[in-house]
């Protein structure tokens, strides 16, 4: 279902929870893919960590990539790196325009997407896993410095 479809779950979610722009949700999904494909951060959860399926005792037939899992901290780190890669010095501004001002916001986005079936979680995953992972000001602003050349 294309995102232009007004009944797409993400568009319905944005109408229900106006804190975050649809671009924020797309960014988190892209950061997840970036973590898995570019950074190689994901790993398969153990059987005890998997979300229960509809038929107890049977393993769902999801593709291996769908089985891969990131912790909240890992996803925040991937989002940080992806934002810097995509937006550089403007990363904090871009994310802020979408309503994302802290790692807690990334967690809220993730759990909103879990609620509508766009992401999955393990039994160990909690919203608090995303709280205070890092400070946006520290990782997006303070790491850049500008040097003005002195005129001769």
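What's the exposure ranking of 114, 109, going from fewest to most Cβ atoms within 10 Å?
Ascending number of Cβ neighbours within 10 Å: 114, 109.
Could you give the nm distance between label points at residue 124 and residue 101, where each point is 7 Å from its Cα heading toward the beta carbon?
Between residue 124 and residue 101, the simple spin-label model gives 3.2 nm.
Work out how much length residue 86 to residue 141 would gain on full extension: take 0.36 nm times their residue separation and subtract the Cα-Cα distance, in nm to one decimal.
Taking residue 86 through residue 141 to full extension adds about 18.3 nm, to one decimal.
May I ask you to sort 80, 141 by Cβ crowding, counting other Cβ atoms within 10 Å and putting the fewest first?
By the 10 Å Cβ count, ascending: 141, 80.
What distance in nm lies between label points placed 7 Å from Cα along the C-beta direction at residue 15 and residue 33?
Those two pseudo-labels are separated by 2.5 nm.
Label-point separation (nm) for residue 148 and residue 134, each offset 7 Å from Cα along Cα-to-Cβ?
For residue 148 paired with residue 134, the spin-label model returns 2.9 nm.
When 151, 102 are ordered from fewest to most other Cβ atoms inside 10 Å of their Cβ, what list results?
Ordered by Cβ neighbours within 10 Å, fewest first: 151, 102.
The numbers here are math on the coordinates, done by the rules we state, and not lab data. Keep in mind that this is a model prediction, so the values were computed, not measured. As a convention, Cβ positions derive from the backbone with ideal geometry for all residues, glycine included, and neighbour counts pool all protein chains shown.
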